[in-house]
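The values are calculated or read from the model by the stated rules, or taken from the named source; none is laboratory data. As the structure is a computational prediction, the values presented were derived from the model and not from experiment. No Cβ is skipped: glycine too gets one built from the backbone with ideal geometry, and neighbour counts run over all protein chains shown.
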Amino acid sequence: MIQVENLTKKFANVRAVDDISFRVEKGKIWGFLGPNGAGKTTTMRILTGYLPANEGRARINGIDVGGDPGAVRRMVGYLPEVVPVYSELTVKEFLRFVAELYGMERKKIRFAIDRVVEKTSLQDVYGRLIKNISRGYRQRLGIAQAIIHEPEVLILDEPTIGLDPAQIIEIREMIRSFKESATVILSSHILAEITQVCDGAVIIREGRLMATLTRDEWGRNLEIVTAAPVGDEVCSGLRQSFPAVSAAAAEGSVLKLEFRETLTDFNPVIGYLIQKDVRIREIKAGLEALYMKIILAETGRAS
Amino acid sequence: MRNIWTITKKELKTFLYSPIAYILTAFFLLVSGFFFYNILAWANDQTMRAMQSGYGMERLNINQMLFQPFFSNMTIILMFLLPMLTMRLFADEKKMRTEELLLTSPVRLSSIIIGKYLAALIIYALILLLTATYAVFVFVHGNPEALPLLVAYLGLFLLGAVFIAIGLFASALTENQVIAAVISFSAIMLIWVISWVGESGPGAWQGILTYLSFFSHFKNMASGVIDTQDIVYYLSFVFLGLYLTRSVFEFRKWR
């Protein structure tokens, strides 16, 4: 479990993180969402004990990060934004080094390496020098080093950045599988990634907490941009045909739907609209609509 | 202890996998070999003259004529060599962003610092050991005294240990290896020549500055005189270097 209370971090005169509080329950995956420079990396660095906070505190499984850094670090696996690898070592040597850093017993190290190599599919590059492996393998090695000591909490800073679509899907699958054994926080500025992988999201901007959303909240929203404004009869038709739809209203050429329960599959609704000859331009799944609303509302207030 | 060794092992690996260690060793042996040859030729020449003329025979001492000037020259080489050995220790970690891995691991900061320090010290000891071949030649062809020679080697080792501690500190200051080398070289140089200021300064300063300089302490050991005061000086300098390195990290955290 990760608890963050009123966390603040100042760099000179800038408040990189400003009074952020949230909590992630055990076995959940949460996303850190926000534009570049929002304070995602700084917050993660505080959680891993790399940086101290100026105010507030962060606790991992109830232990204060500032109070007992050693104990916290043993529980946390961390993938920084730039994968921290020594290019002059081989994959095998590097993983062994990390396992030793985490104080693993000699006998267990070999099994641990085998386990993470299999989990992250590094078999093909196992004996190669890190400087000679591709970007995708490098990222997987980054994840491998983060999970080698079987951490209870995983902190992944932009785990899919710079990867091709196939690799991104692979890494997302991998992250989802960590849920069985760990609590995960990952940062991203890709909304689709958060929607697909996470149980909840913390939206931050300029160091401040803008919103905390759960899957339930964004799973109940759908915005559909249509070619022409949708008539009232389609809206009422939706409400009647789908008991899950609690509200349906057209604002200009945007059809806004709300649901009573979290939906994983919007296809029947889309099918209904197509049947009614509604020409769909764009479908914004819940989080995207909410995110834009939150970020835009803030910009509006500021100006 | 195991944590320290983990770091040391990794550092030794990176030293040995990169060409730097080999190039530095070759450079060191080449230059020190050149000095040794020259001093040996000079000592031979002096001996021949003394034997022919019959004067000054009692002053002929191979330790004093050969090893003392040789060790003085070695210190100059070390001043250039060791900053190049230590410059990458922390600077490279920072540049490659691997520092984050070390500092978020359960290994304590002091273990990381000591581990890296030991690695550089081991490489230095190995290089120094290679120069012992010169001494072996002298033992085969002459009869120098072994004890003063060992003391001089100990002095050289301790002096290098101080240089490495200074280099480690300089490396923690920056992410640029060249800057790290320049800082440590300048610092070593300044502390070396501080005794010159001492000699011309007012009374109280004279003693302090001369004590601070490497020079006065190395002179004793190079001539085979072992004094606990000198050893305490070197060890406290090493401790200071490591402590300052630690402070750099503590300071950076809160900046």
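Residue A:86 - would you say it is out of contact with any Asp or Glu (no Cβ under 6 Å at 6 or more places or on another chain), of a type in the set (Ser, Thr, Tyr), at pLDDT 90 or above and part of a strand (DSSP E or B)? Give the derivation first.
Numbers: out of contact with any Asp or Glu (no Cβ under 6 Å at 6 or more places or on another chain): yes; of a type in the set (Ser, Thr, Tyr): yes; at pLDDT 90 or above: yes; part of a strand (DSSP E or B): no.
Considered against the rule, which asks whether it is out of contact with any Asp or Glu (no Cβ under 6 Å at 6 or more places or on another chain), of a type in the set (Ser, Thr, Tyr), at pLDDT 90 or above and part of a strand (DSSP E or B), residue A:86 comes out as no.
In segment A:261-303, how many residues are at pLDDT 80 or above and either surrounded by fewer than 13 Cβ atoms within 10 Å (Cβ to Cβ) or farther than 23 Å from residue A:212 by Cα (or both)?
15
Please find, within segment B:80-99, the residue that is nearest to the other protein chains (Cβ to nearest Cβ) out of those that are within 23 Å of residue A:78 (Cβ to Cβ) and buried (at least 22 other Cβ atoms within 10 Å of the Cβ). Spell out the reasoning first.
Step one: filter segment B:80-99 for residues within 23 Å of residue A:78 (Cβ to Cβ), giving B:89-99.
If we keep only those that are buried (at least 22 other Cβ atoms within 10 Å of the Cβ) too, we end up with B:89-91, B:93.
Values: B:89: 13, B:90: 14, B:91: 14, B:93: 9 Å.
For segment B:80-99, the residue satisfying everything is B:93.
With segment A:1-51 as the region, which strands (runs of 3 or more DSSP E) entirely inside it contain at least 1 residues that are more than 18 Å from residue A:212 (Cβ to Cβ)?
Details: elements: A:2-11, A:14-24, A:29-33.
Fully inside segment A:1-51 and qualifying: A:2-11, A:14-24.
Limited to segment A:158-202, what total is found for residues that are closer than 14 Å to residue A:291 by Cβ, at pLDDT below 90 and among the β-branched types (Val, Ile, Thr)?
Going through segment A:158-202 one residue at a time, the tally reaches 3.
Since residue B:151 meets every condition but one in (1) more than 22 Å from residue B:236 (Cβ to Cβ); (2) in contact with a Gly (Cβ under 7 Å, 6 or more places away or on another chain); (3) of a type outside the set (Phe, Trp, Tyr), which condition does it not meet?
Single failed check for residue B:151: (1).
Being more than 14 Å from chain A (Cβ to nearest Cβ) and at pLDDT 95 or above narrows it down to one residue among B:39, B:122, B:77; which is it? First the steps, then the outcome.
Values: B:39 fails: at pLDDT 95 or above; B:77 fails: at pLDDT 95 or above.
Testing whether each residue is more than 14 Å from chain A (Cβ to nearest Cβ) and at pLDDT 95 or above leaves just B:122.
Just for segment B:1-31: of the residues that are polar (S, T, N, Q) and not in a loop (DSSP other than H, G, I, E, B), which one is farthest from the other protein chains (Cβ to nearest Cβ)?
Narrowing segment B:1-31 to residues polar (S, T, N, Q): B:3, B:6, B:8, B:14, B:18, B:25.
Still in the running and not in a loop (DSSP other than H, G, I, E, B): B:3, B:6, B:8, B:14, B:25.
Details: B:3: 7, B:6: 4, B:8: 11, B:14: 6, B:25: 18 Å.
Applying the filter and picking the extreme gives B:25.
How many residues, within segment A:27-50, are in contact with a helix residue (DSSP H, G or I) (Cβ under 7 Å, 6 or more places away or on another chain) and more than 12 Å from residue A:78 (Cβ to Cβ)?
Number satisfying all stated conditions: 5.
Is there any pair with a first residue in segment B:206-224 that is in contact (Cβ under 8 Å) with a residue 40 or more places away in the chain and a second that is part of a loop (DSSP other than H, G, I, E, B) whose Cβ atoms are under 6 Å apart and which are 6 or more apart or on different chains, and what are they?
Short answer, once both residue conditions are applied: B:220/B:227.
Of everything in segment A:173-196, what is aliphatic (A, V, I, L, M) and in contact with a strand residue (DSSP E or B) (Cβ under 6 Å, 6 or more places away or on another chain)? Give them in sequence order. Please lay out each step first, then the result.
Looking only at segment A:173-196, we keep the residues that are aliphatic (A, V, I, L, M), and these are A:174-175, A:182, A:184-186, A:190-192, A:194.
Matches in segment A:173-196: A:182, A:184, A:185, A:186, A:194.
Could you check, for segment A:54-75, whether at least one of its residues is in contact with a helix residue (DSSP H, G or I) (Cβ under 7 Å, 6 or more places away or on another chain) and within 11 Å of chain B (Cβ to nearest Cβ)? Please lay out each step first, then the result.
To start, the set of residues in segment A:54-75 that are in contact with a helix residue (DSSP H, G or I) (Cβ under 7 Å, 6 or more places away or on another chain) comprises A:58, A:60-61, A:63, A:65.
Filter once more, so that each one left must be within 11 Å of chain B (Cβ to nearest Cβ): A:65.
Among the residues of segment A:54-75, at least one is in contact with a helix residue (DSSP H, G or I) (Cβ under 7 Å, 6 or more places away or on another chain) and within 11 Å of chain B (Cβ to nearest Cβ), which makes the answer yes.
Counting just the residues of segment B:223-255 that are among the basic types (Lys, Arg) and assigned to a helix (DSSP H, G or I), which one comes out modelled with the highest pLDDT? Steps first, please.
Step one: filter segment B:223-255 for residues among the basic types (Lys, Arg), giving B:246, B:252-253, B:255.
Then keep just the ones that are assigned to a helix (DSSP H, G or I); that gives B:246, B:252-253.
Working: B:246: 95, B:252: 83, B:253: 78.
If we take residues in segment B:223-255 being among the basic types (Lys, Arg) and assigned to a helix (DSSP H, G or I), then B:246 is modelled with the highest pLDDT.
Quick one: which residue in B:132, B:146 is modelled with pLDDT under 85, more than 28 Å from residue B:178 (Cβ to Cβ) and surrounded by fewer than 17 Cβ atoms within 10 Å (Cβ to Cβ)? Steps first, please.
On the way: B:132 fails: modelled with pLDDT under 85.
None of the others qualify; the one that does is B:146.
Could you check, for segment A:140-153, whether at least one of its residues is touching a residue at least 12 places away in the same chain (Cβ under 8 Å), within 27 Å of residue A:19 (Cβ to Cβ), within 15 Å of the chain's Cα centre (by Cα) and surrounded by fewer than 23 Cβ atoms within 10 Å (Cβ to Cβ)?
Just the residues of segment A:140-153 that are touching a residue at least 12 places away in the same chain (Cβ under 8 Å), to begin with: A:140-153.
Okay, now just the ones that are also within 27 Å of residue A:19 (Cβ to Cβ), so A:152-153.
Filter again for within 15 Å of the chain's Cα centre (by Cα), leaving A:153.
When the remaining residues are screened for being surrounded by fewer than 23 Cβ atoms within 10 Å (Cβ to Cβ), the result is A:153.
Within segment A:140-153 (the criterion being touching a residue at least 12 places away in the same chain (Cβ under 8 Å), within 27 Å of residue A:19 (Cβ to Cβ), within 15 Å of the chain's Cα centre (by Cα) and surrounded by fewer than 23 Cβ atoms within 10 Å (Cβ to Cβ)), the answer is yes, since at least one residue qualifies.
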